């Protein structure tokens, strides 16, 4: 767990663009970023190579498959829109995991937090009529975010007060959220228009829809802003200092006068808020409603994204884009080269496997370990 | 193959039990050992002396197969060997007693000793045989310990005997002991030195790592002094003195003796310290005028297992005095410090600091009242290893001006503060952005001391302020604590090192089983008297 936290810390500190940064420090920054990104990039490359082998073994052309994948994800405005829409909840889900991880908490509850966010945002979206957009849309987003925050906070408060492990609690809460939102969509909030028997809400009012500007969905802009905000809070505020302290050394945080319980509870609430916001944007910006079963699994992909980004909030953006592109392009790949879209899941799983086992990647690619880490290791003996 | 070689070597008494010839070991750019040669002969105690960072641990880790040397050779029982892991060393009769015991706390003594090399019968552990063999060994070497007790219930000294038995059970002819006396009382230390002496009588050779000069002079046959990875001296106790050894270790003359007797001549602050120093004799006259800063009355606190560890303890510390708490570790000192500083819940009693009620205060409130706290465990409480030196320099004050404003950290202020601390407290680090984990133990401690001293404080609570650090850093920290006292800060010093308590304190409070059993004057009390008090003797019996 401690592996992802190590090398990126200096990168984040440097990325602040300290006053009077010279060419020299910029070069160091580039080096630090490259070094931190080496394993994720290598993992992606290895995943794609193994994916290519699998495609070739099935008798398909690797080149046409991968070029269709890229064109399907970024070939034109429609493709780009699809990719950005796919990437939005991934970024939010990744942030929900990464932010909690900074406090040393493993948030497996992104799925449940996303679902309640999606359902409650849709509830506000179709439930209120005749409200202007400037009120309706922010309100719907806010309610979705708040629902997610409450869902996350439950796990945080239980952890802080009774020591209940957040992994267990968030997994359980995923089931609760799944069934609760299914029930909402099938009963009180179900769309009764026409002969609809699907467990889904009515379409949200136009005043609650998130706009799309050409190929750029406004939701993705929010995702990028959220990532930057997370970075800023973690690195620049006293609250972020407290969060990171609790994650890095709970005992020292206690010694430093930080309320560990409050940080755990509030961090989980923030994590839930992020996931909930992701869900709300799904309902208000992509699906136009909440439908039972549509968002299943989306929250779990946040774990993949966070690991790929090594829990760095800024790196969550490219990680989300990469996975979003693969998912957006999978249909075109199948259509043009006949490769089953499931191969994308296989490649994703392989990438995750390599990220999670960085030693294998370093060994395979003969990557040098970071110098400072080695120094630290050496200093542990006899110093 | 290994076993065969070992048997042959064991039968024909080897000339050299363990040796390193020209050992060089680098960690990245750091040369931990530079062409180091040592030799251990049967029946002798070889003391490896050096400051932290001098390369002692690296050297024994090479000899024990934990590290591979970049150059040089290891010799075990007259044979050149290539060790690829500690298993190779153990198979050749080298045993190691680590500073941090490698024991399984809930398991019995016997099971701990045989763990990994259990005698078996029908695929099951032959407990009866294991117990018999352990008892035989204990008798033979005079290492008495209850074979059926759970290790976690044993005192530290007994746990150490279990570690030694573990090595002997594996037929160790060489015992490497890494700072074995760091956790022991004076009496336990004496006992350990006797045990080691007994082992050498039976032909075992011992490598003894320490930085305590008194023990080296008392126990060693041969002394090798390391500094900055090189051997700077090879001698014997008969040919040297403590002062000469200290100079070799540090590379310059050091003064470890208190300023207590010279302080009269040092100016303004000395009036305060002198008054405080004599507070026991003339409490009403001079010391009475200095206010009580820390006043503890009837304090009770439980340890982690819920047992009462601090038992209706009362103690007062005045401005400008150092009160040292002496005691064997585990007599409630940790809980006492934690209860005062808000890290632990006090179950009864009151604490007042600078006339403000601090009973049940949280750590943040205690800091804000004006208390500096050098915590006992610097890795656990004192520092965040992955944080930079700069962040650690404000670890418990990051929220205060000028380090923060409006909830935002002010990096420039934090960095310049850190540079001040680094410069003033001689913290050796390439820059303030380096992670604290990259510093040596002494420099970590100086960073903590610097942090705690850089704020306005009325009370300093220093728990084991120099544990495991080198003489140069000890001298530095002691001087800083004395300066602070002379400026009028009240200091509560808790240390398992009796020498430290004696060197620094104006009054010594001896703690036993959660209570202060006696308060003595360090200028008149002897080590033996205090040692007996620490071991639980009633004050009346001592010194009579």
Original post:
Restricting to the stretch B:83-105, what's the tally of residues that are touching a strand residue (DSSP E or B) at 6+ places or on another chain (Cβ under 8 Å), away from chain A (no Cβ under 14 Å) and closer than 24 Å to residue B:42 by Cα?
Top reply: 8
Original post:
What is the residue count in the stretch B:338-353 for residues that are within 14 Å of chain A (Cβ to nearest Cβ) and over 16 Å from residue B:514 (Cα atoms)?
Top reply: 3
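Restricting attention to the stretch B:147-179, which residues are at positive phi and buried (at least 19 other Cβ atoms within 10 Å of the Cβ)?
Here is the first cut: in the stretch B:147-179, the residues at positive phi are B:171, B:179.
Answer for the stretch B:147-179, where residues must be at positive phi and buried (at least 19 other Cβ atoms within 10 Å of the Cβ): just B:179.
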Original post:
What residue, of A:220, A:241, is within 14 Å of another protein chain (Cβ to nearest Cβ), closer than 27 Å to residue A:306 by Cα and buried (at least 18 other Cβ atoms within 10 Å of the Cβ)?
Top reply: A:241
Original post:
Counting only residues that are modelled with pLDDT of 80 or more and not in a helix (DSSP H, G or I), how many does the stretch B:226-256 have?
Top reply: 13
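Restricting attention to the stretch B:357-376, and to residues there that are within 16 Å of the chain's Cα centre (by Cα) and assigned to a loop (DSSP other than H, G, I, E, B), which single residue is farthest from the other protein chains (Cβ to nearest Cβ)? Quick ask: steps written out before the conclusion?
First, pick out the residues of the stretch B:357-376 that are within 16 Å of the chain's Cα centre (by Cα): B:374-376.
Filter once more, so that each one left must be assigned to a loop (DSSP other than H, G, I, E, B): B:375-376.
Numbers: B:375: 6, B:376: 11 Å.
Among those that are within 16 Å of the chain's Cα centre (by Cα) and assigned to a loop (DSSP other than H, G, I, E, B), it is B:376.
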Original post:
Out of (1) crowded, with 21+ Cβ neighbours inside 10 Å; (2) outside any strand (DSSP E or B), the odd one out for residue B:96 is which?
Top reply: (2)
**OP:** Looking at (1) in contact with a helix residue (DSSP H, G or I) (Cβ under 7 Å, 6 or more places away or on another chain); (2) at negative phi, find the lone condition where residue B:488 falls short.
**Re:** (2)
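Condition test on residue B:397, is it at pLDDT below 95, more than 8 Å from chain A (Cβ to nearest Cβ) and under 19 Å from residue B:435 (Cα atoms)? Outline the logic, then answer.
Working: at pLDDT below 95: yes; more than 8 Å from chain A (Cβ to nearest Cβ): yes; under 19 Å from residue B:435 (Cα atoms): yes.
Yes.
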Original post:
How many residues are over 29 Å from the mean Cα position of the chain (by Cα) and assigned to a helix (DSSP H, G or I) if we restrict to the stretch B:377-416?
Top reply: 6
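Answer yes or no as to whether residue B:168 is within 23 Å of residue B:46 (Cβ to Cβ), free of Cβ contacts under 8 Å to residues at least 40 places away in the same chain and in contact with a helix residue (DSSP H, G or I) (Cβ under 7 Å, 6 or more places away or on another chain).
Values: within 23 Å of residue B:46 (Cβ to Cβ): yes; free of Cβ contacts under 8 Å to residues at least 40 places away in the same chain: no; in contact with a helix residue (DSSP H, G or I) (Cβ under 7 Å, 6 or more places away or on another chain): yes.
So residue B:168 fails the test.
Are any of the residues in the stretch A:16-31 in a loop (DSSP other than H, G, I, E, B), over 14 Å from residue A:309 (Cα atoms), modelled with pLDDT under 85 and more than 14 Å from every other protein chain (Cβ to nearest Cβ)?
Looking through the stretch A:16-31, at least one residue is in a loop (DSSP other than H, G, I, E, B), over 14 Å from residue A:309 (Cα atoms), modelled with pLDDT under 85 and more than 14 Å from every other protein chain (Cβ to nearest Cβ).
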Original post:
Which residues, taken from the stretch B:198-225, are in a helix (DSSP H, G or I) and under 24 Å from the mean Cα position of the chain (by Cα)?
Top reply: B:213, B:214, B:215, B:216, B:217, B:218, B:219
Original post:
Which ones in the stretch B:311-333 are over 17 Å from residue B:503 (Cα atoms) and in a strand (DSSP E or B)?
Top reply: B:311, B:312, B:313, B:314, B:315, B:316, B:317, B:318
Original post:
In the list A:214, A:194, which residue meets the criterion of being over 27 Å from residue A:84 (Cβ atoms), modelled with pLDDT under 95 and surrounded by fewer than 20 Cβ atoms within 10 Å (Cβ to Cβ)?
Top reply: A:194
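For every residue, the table says whether it meets (1) farther than 19 Å from residue A:151 by Cβ; (2) crowded, with 21+ Cβ neighbours inside 10 Å.
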residue: A:227; (1), (2): yes, yes
residue: A:230; (1), (2): no, yes
residue: A:258; (1), (2): yes, yes
residue: A:287; (1), (2): yes, no
residue: A:312; (1), (2): yes, yes
**OP:** Kindly indicate whether residue A:226 is touching a residue at least 40 places away in the same chain (Cβ under 8 Å) and farther than 23 Å from residue A:292 by Cα.
**Re:** yes
Subject >> Matching residues, the stretch A:235-258, being within 18 Å of residue A:152 (Cβ to Cβ) and over 21 Å from the mean Cα position of the chain (by Cα) >> reply: A:239, A:242, A:246
Original post:
residue B:468: in a loop (DSSP other than H, G, I, E, B) and outside the structural domain of residue B:210 (by TED's automatic domain parsing), yes or no?
Top reply: yes
**OP:** Mind listing whichever residues of the stretch B:53-82 are facing chain A (nearest Cβ under 9 Å), part of a loop (DSSP other than H, G, I, E, B) and buried (at least 23 other Cβ atoms within 10 Å of the Cβ)?
**Re:** B:53, B:54, B:55
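The values are calculated or read from the model by the stated rules, or taken from the named source; none is laboratory data. Bear in mind that the values here come from a model prediction, so they are computed numbers and not experimental data. Every residue, glycine among them, receives a Cβ derived from its backbone with ideal geometry; neighbour counts consider all protein chains shown.
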